[in-house]
Amino acid sequence: MAEHPAYPVGLRLSGRRVVVLGGGQVAQRRLPALIAAGADIVLVSPGATPSVEAMADAGEITWVRRGYEDGDLADAWYALIATSDPEANTRASAEAERHRVWCVRSDDADRATAWTPATGHSEGVTVAVLTTHARGRDPRHTAAIRDAVVEGLRDGTLVAPHHRTRAPGVWLVGGGPGDPDLITVRGRRLLAEADVVIADRLGPRDLLAELPSHVEVIDAAKIPYGRYMAQEAINNALVEHAKQGKAVVRLKGGDPFVFGRGMEEVQALAEAGIPCTVVPGISSSISVPGAAGIPVTHRGVAHEFTVVSGHVAPDDERSLVDWPSLAKLTGTLVVLMGVDKIGKIAETLVAHGRSPETPVALVQEGTTAAQRRVDATLATVAETVRAEDVKPPAVIVIGEVVRVGPEPAA
């Protein structure tokens, strides 16, 4: 048998009996995929890892709490033998042979009748990599090939066109805080498949250079106090391109629903009868402080954090923020879009009870090559912003967590 290559096949195990012998690390790794396949799983083992025990407690598997006994594989379609007892593994493997049950052995692949491939998933496709022969099997090599293929499919570097008619639609993609590596894998894949990309200034701009030449890129930048594309024009562009049967990606910075006017775009598309899928992104409100070494919560320091928009001053009648109440909180306050209003914000917080010595950090161009951090206090932040010429985009963190991490570089 060892001279012949394995025959690859996909098992459809939904509702079919699968027996797993052993509740250790091998079972812990393999069980989730068997559960996802809908198998009727029976675990036979006197003990199990906490994660495997949790699967049994949740009713995802049936746990028989004893060692292997002859007859356990009766009526099974598939067996995974992964106990620490070589003699029990050999007896179970012989039973599987008698009952013609495909059997994987974690301790001796040469004596198994089936091998588990290195698998990965991307957009409804399972990538399975299998060594051709038992001799010279190298699990690390097959896993590396699997990872390379899956990563290529996810990030668009390995292009596999869909040979089907694509329904018109819009994908509202959160691009993360700016570093192109911080977009989700789904967002990156959708970018690679797009016909049109309508991009914000704060999105991961470096990814636009990787798009194929046929992709139309529309600049939807909103520059503070400068040029911008009106929201109505953005909505119209989304609708018109989608109606032309194109795959449209609306690439936004951070997360589409965190001060991103994403819901306005979803509503405009819904009114036009255009389907829209929201792909969440990493919000700059958490990721940018983290990139600067600032945790928004920390044991014994802050048990909550609040994210607010600072695009209008506290004394502006348009403001919906209850600044006096925020001043009374003891946790972290994260302000987005507040660089030019930080003086008024600090003044209001101090007037309503926050200590003027409360530390403040401003992180400009967070997660990008141009990132810089400027520290101050509520008493000094207005002057510090002017003196250090802090410009948007910058995330402002107010609270004792600013002092938790290592001292910022000079």
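The values are calculated or read from the model by the stated rules, or taken from the named source; none is laboratory data. All values reported here derive from a predicted model rather than from experimental measurement. We place every Cβ from the backbone using ideal geometry, glycine too, and count neighbours over all the protein chains shown.
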Task: Unique match (being farther than 30 Å from ILE282 by Cα and modelled with pLDDT of 85 or more) among ALA96, ALA109, ALA134 - done: ALA96
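A quick yes/no check of all residues on (1) under 32 Å from the mean Cα position of the chain (by Cα); (2) farther than 18 Å from SER283 by Cα; (3) assigned by TED's automatic domain parsing to the domain that holds THR358:
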residue	(1), (2), (3)
HIS303	yes, yes, yes
HIS311	yes, no, yes
GLU317	no, yes, yes
LEU326	yes, yes, yes
VAL335	yes, no, yes
GLY338	yes, no, yes
LYS341	no, yes, yes
TODO: From ASP200, ASP179, ASP206, grab the single residue that is acidic (Asp, Glu), closer than 26 Å to HIS121 by Cβ and in contact (Cβ under 8 Å) with a residue 24 or more places away in the chain.
DONE: ASP179
Open item on the list: Looking at the range 2-11, can you tell me whether even one residue there is of a type in the set (Gly, Ala, Ser), outside the structural domain of ASP107 (by TED's automatic domain parsing) and touching a strand residue (DSSP E or B) at 6+ places or on another chain (Cβ under 8 Å)?
Closed with: yes
- [ ] Determine which member of the set LYS391, LYS341 is loosely packed, with under 15 Cβ neighbours inside 10 Å, touching a residue at least 24 places away in the same chain (Cβ under 8 Å) and under 25 Å from ARG201 (Cα atoms).
- [x] LYS391
Open item on the list: Among the listed residues HIS162, HIS121, identify the single one that is surrounded by fewer than 17 Cβ atoms within 10 Å (Cβ to Cβ), part of a strand (DSSP E or B) and at pLDDT below 90.
Closed with: HIS121
Open item on the list: Could you check the range 202-218 and list, in sequence order, the residues that are surrounded by 17 or more Cβ atoms within 10 Å (Cβ to Cβ) and either not assigned by TED's automatic domain parsing to the domain that holds VAL239 or not aliphatic (A, V, I, L, M) (or both)?
Closed with: GLY203, PRO204, ARG205
Open item on the list: Checking the condition at pLDDT 80 or above, surrounded by 15 or more Cβ atoms within 10 Å (Cβ to Cβ), charged (D, E, K, R) and in contact with a helix residue (DSSP H, G or I) (Cβ under 9 Å, 6 or more places away or on another chain), which residue from ARG188, ARG154 passes?
Closed with: ARG188
- [ ] Pick out, from the range 1-72, the strands (runs of 3 or more DSSP E) lying fully within it that include 3 or more residues that are under 19 Å from ASP107 (Cβ atoms) and at pLDDT 95 or above.
- [x] 17-21
- [ ] Answer yes or no as to whether ARG105 is charged (D, E, K, R) and buried (at least 20 other Cβ atoms within 10 Å of the Cβ).
- [x] yes
- [ ] Pairs only if they're at least six apart or on different chains, beta carbon under 9 angstrom, first in the range 42-54 and surrounded by fewer than 21 Cβ atoms within 10 Å (Cβ to Cβ), second among the acidic types (Asp, Glu); list them, first residue then second.
- [x] VAL42/ASP72; GLY47/GLU53; ALA54/GLU60
- [ ] Write out, first by first residue and then by second, each pair whose Cβ atoms fall under 8 Å of each other, whose residues are 6+ apart or on separate chains, and whose first residue, in the range 9-25, is surrounded by fewer than 13 Cβ atoms within 10 Å (Cβ to Cβ) while the second is not hydrophobic (A, V, I, L, M, F, W, C).
- [x] GLY10/THR126; SER14/GLY38; GLY15/GLY38; GLY15/ASP40
Task: Residues of the range 356-388 that turn out to be surrounded by 15 or more Cβ atoms within 10 Å (Cβ to Cβ) and of a type in the set (Gly, Ala, Ser), as a count - done: 5
